[in-house]
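Novice: One structure is given below, represented as structure tokens, and several questions about it will come after.
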Amino acid sequence: MKVLAVDSSSAVAGVAILDGERLVYEGYHHHKRNHSEILMPMVEEALLSVDLTPDQIDLFAVSAGPGSFTGLRIGISTVKGLAQAVEKPTVAVPTLDALAYNIACPAALVCPIMDARREQVYTSLYRWEGDRYVRLMPYSALPVEQLTERLIPFQKPIWFVGDGIPVYRNKLAEKLRESARFVPPYLAYQRASVIAWLGRRDALEGRSVPYRDLKPFYLRPSQAEQKRFQQIQQNNGKETGGEV
């Protein structure tokens, strides 16, 4: 099975190609968030580098979220277009799952943290069982203080992975002390190769979907939606003369 995977859920843009279990290509861009301009050229470069055409790809995988609202839409639109053109199946991989799989750590817990701004992170918690991770917490958008309160009772080493590390490292270390471990920068960010691997596994286990069923996974409304909701509340309050 040949898998082409795309990740544009954060400031990182990535494309990877698997041929069976062999990673034959991975491209990684972490400079400026201009995914709408660079993602398709990255896909074209990936295919050209391994002498493949889109119709030779058996499965298209994409990071579905949580993450950047704009980035997720660009990635999913890209994969939808590719899959529709050659009538191939797709897989949507949760971004937090993929981050956890950046490391395999049977002796500790793994906690991906994506910076959601305003002192919040997108997060979950994982334990290695058998040949895969099992989620111990629901996908969440949490204030960092609340996350640390949830993690303290586990009383065991917790490896943090994600772009939230440079932002919240000191707070996490202060609260969790010796339990807090942080992966090095080269393991901290999203990798399209992990999306490809998990997408392949999902497809082999019968969880691929038609391109038209691909949807981004959001944990909270976008900033624009939040502002619109606040404006509606304010307008309703003015009309009724009540408190907002």
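Novice: Scanning the range 4-63 for residues that are in contact (Cβ under 8 Å) with a residue 60 or more places away in the chain and hydroxyl-bearing (S, T, Y), which turns out farthest from P112 (Cα to Cα)?
Specialist: Among those residues, the one meeting the criterion is Y28.
Novice: Further, regarding this structure: Kindly indicate whether E149 is more than 28 Å from M42 (Cβ to Cβ) and either buried (at least 16 other Cβ atoms within 10 Å of the Cβ) or at pLDDT 95 or above (or both).
Specialist: yes
Novice: Let me ask something additional. Just checking, does the range 106-113 include any residue being assigned to a strand (DSSP E or B), under 16 Å from F182 (Cβ atoms) and more than 17 Å from the chain's Cα centre (by Cα)? Show your work before the answer.
Specialist: Applying the first criterion (assigned to a strand (DSSP E or B)) to the range 106-113 yields 109-113.
Now narrow it down to the ones that are under 16 Å from F182 (Cβ atoms): 109-113.
With the extra rule that they be more than 17 Å from the chain's Cα centre (by Cα), the set shrinks to 109.
Scanning the range 106-113, I find at least one residue that is assigned to a strand (DSSP E or B), under 16 Å from F182 (Cβ atoms) and more than 17 Å from the chain's Cα centre (by Cα), so the answer is yes.
Novice: Additional query: From the list V110, V62, which one is in the same structural domain as Y133 (by TED's automatic domain parsing), crowded, with 19+ Cβ neighbours inside 10 Å and under 20 Å from R191 (Cα atoms)?
Specialist: Working: V62 fails: in the same structural domain as Y133 (by TED's automatic domain parsing).
Answer to the selection: V110.
Novice: Every residue in the range 114-138 that is modelled with pLDDT of 95 or more, assigned to a strand (DSSP E or B), surrounded by fewer than 19 Cβ atoms within 10 Å (Cβ to Cβ) and not acidic (D, E), please.
Specialist: Passing the criteria: R127, W128, R132, V134, R135.
Novice: So, one more: Determine, yes or no, whether L176 is farther than 30 Å from Y25 by Cα, more than 21 Å from the chain's Cα centre (by Cα), of a type in the set (A, V, I, L, M, F, W, C) and crowded, with 20+ Cβ neighbours inside 10 Å. Can you show your working first?
Specialist: Values: farther than 30 Å from Y25 by Cα: yes; more than 21 Å from the chain's Cα centre (by Cα): yes; of a type in the set (A, V, I, L, M, F, W, C): yes; crowded, with 20+ Cβ neighbours inside 10 Å: yes.
Answer is yes for this residue.
Novice: Given the conditions (1) closer than 30 Å to V3 by Cα; (2) without any contact (Cβ under 8 Å) to a residue 60 or more places away in the chain; (3) of a type outside the set (G, A, S), and given that R212 satisfies all but one, which numbered condition is not satisfied?
Specialist: (2)
Novice: Among the residues that make up the range 18-32, is at least one of them over 17 Å from the mean Cα position of the chain (by Cα), crowded, with 22+ Cβ neighbours inside 10 Å and modelled with pLDDT of 95 or more?
Specialist: Quick first cut of the range 18-32, residues over 17 Å from the mean Cα position of the chain (by Cα) only: 18-25, 31-32.
This time we only want the ones that are crowded, with 22+ Cβ neighbours inside 10 Å, so: 18.
Checking the rest, the ones that are also modelled with pLDDT of 95 or more come to 18.
Yes, the conditions are met somewhere in the range 18-32.
Novice: Right, here's the next one. Would you check if there is a residue in the range 39-55 being under 19 Å from the mean Cα position of the chain (by Cα), in a strand (DSSP E or B) and at pLDDT 95 or above?
Specialist: No, the conditions are met nowhere in the range 39-55.
Novice: Scan the range 159-173 residue by residue and report those that are under 22 Å from the mean Cα position of the chain (by Cα) and among the basic types (K, R).
Specialist: Taking the range 159-173 and keeping what is under 22 Å from the mean Cα position of the chain (by Cα), we get 159-169, 172.
Across the range 159-173, the qualifying residue is only R169.
The values are calculated or read from the model by the stated rules, or taken from the named source; none is laboratory data. All of these numbers come straight from a predicted model, not from anything done at the bench. Counting neighbours? That spans all protein chains shown, and the Cβs are built from the backbone with ideal geometry, glycine included.
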